[in-house]
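The values are calculated or read from the model by the stated rules, or taken from the named source; none is laboratory data. Everything quoted here is computed from the prediction, not taken from an experiment. Because the Cβ atoms are built from the backbone with ideal geometry, glycine has one as well, and the counts that use them run over all protein chains shown.
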Amino acid sequence: MAAFGTGTDCVQAATTEPRALRRPLPAANHEAMARTLIAPSILAADFAKLGEEVRAAEAAGADMIHVDVMDGHFVPNISIGPAVVKAIKPHAKTPLDVHLMIAPVDPYIEAFAKAGADIITIHPEAGPHAHRTVQAVRAAGAKAGVSLNPGTPVEAIDNLIDDIDLVLIMTVNPGFGGQSFIEAGLKKIEAVRKRIDASGRDIILEVDGGVNEKTAPRCIDAGATALVAGTAVFGGDPSQYAANIARLRKTA
Ligand code: DX5
Ligand code: ZN
């Protein structure tokens, strides 16, 4: 499998910074954040006109476009694959934030990177060797994210933190949009915030699931720097997206 490469490639991946991104990522440093990054999830967009939806979300103020990839195996729903990422890439000016809810994950990393994924976020449960998977993401030229499900302890990032660019805290069980926010996620955001600050690294702390105008400020107070939102952004027609996004940013 091309994504794995040889043993030598893997050693290089561990010691070499990832190749330059196609598009620079927004700054992630918590103190320096001028505003919270908003990553609309196209899972809630109109699939019959994804290009238009991506452009409308960016015109409305989106900082990244969140792409949920589901396989009907790791999660009980099937969404999209690399061909759709490739199709929307020319419509996106902001980074594509690709969330892989698939197992196995390693064989598909290169395909998603080639299709235009700027960030690739994986779940540690999706493969036997999470660190090797992170190495493969970086070797493919993308930024690496690790996602923690509601039932996954925060310790899962402890041995990965030096090699990742983003932590995604799931505040719903992955698989569907429109679910209710799981409150226990707030303590987990706080715990990951401490770990990121202690690491001194520039790591985006993103929250995904049930984010709306009520839960968003609580996530930000807990230490989140980026919010994924599907239903809360793509609700209504495109003329409402800017107001929808503005409501998610903390203005106080
Ligand atoms: C769930 C996905 C989410 C989902 C969020 O598995 O990872 O990104 O699209 O949808 P909302 O914002 O509607 O909860
Ligand atoms: Zn997601």
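Structure notes:
- Neighbours by Cβ (under 8 Å, 6+ apart or cross-chain): first from the range 156-171, more than 15 Å from ASP97 (Cα to Cα) and at pLDDT 95 or above; second among the acidic types (Asp, Glu) and outside any helix (DSSP H, G or I): THR171/ASP208
- Hits in the range 158-184 (condition: closer than 25 Å to PRO76 by Cβ and within 16 Å of the chain's Cα centre (by Cα)): LEU166, VAL167, LEU168, ILE169, MET170, THR171, VAL172, ASN173, PRO174, GLY175, PHE176, GLY177
- Hits in the range 204-221 - residues which are touching a strand residue (DSSP E or B) at 6+ places or on another chain (Cβ under 6 Å) and either closer than 19 Å to ILE122 by Cβ or touching a residue at least 60 places away in the same chain (Cβ under 8 Å) (or both): ILE204, LEU205, GLU206, VAL207, ASP208, GLY209, ALA216
- Scanning the range 69-127 for residues that are away from ligand 2 (no atom under 14 Å from the Cβ) and of a type in the set (S, T, N, Q) yields a total of 1.
- Here ASP162 meets each of (1) more than 15 Å from VAL105 (Cα to Cα); (2) in contact with a strand residue (DSSP E or B) (Cβ under 6 Å, 6 or more places away or on another chain) with one exception, condition (2).
- Check on GLY177, in contact (Cβ under 8 Å) with a residue 60 or more places away in the chain, within 16 Å of ligand 1 (Cβ to nearest atom), part of a loop (DSSP other than H, G, I, E, B) and more than 18 Å from ALA130 (Cα to Cα): yes
- Set side by side, the residues ALA136, ALA142 differ, and just one is at pLDDT 95 or above, more than 16 Å from ligand 1 (Cβ to nearest atom), surrounded by 22 or more Cβ atoms within 10 Å (Cβ to Cβ) and within 15 Å of the chain's Cα centre (by Cα), which is ALA142.
- Number of residues in the range 193-219 that are over 18 Å from SER41 (Cβ atoms), assigned to a helix (DSSP H, G or I) and not charged (D, E, K, R) equals 4.
- Taken over the range 214-226, the criterion of being within 15 Å of ARG35 (Cβ to Cβ) and surrounded by fewer than 19 Cβ atoms within 10 Å (Cβ to Cβ) is satisfied by PRO217, ASP221.
- Some residue of the range 157-167 being at positive phi and either in contact with a His (Cβ under 7 Å, 6 or more places away or on another chain) or within 14 Å of ligand 1 (Cβ to nearest atom) (or both): no
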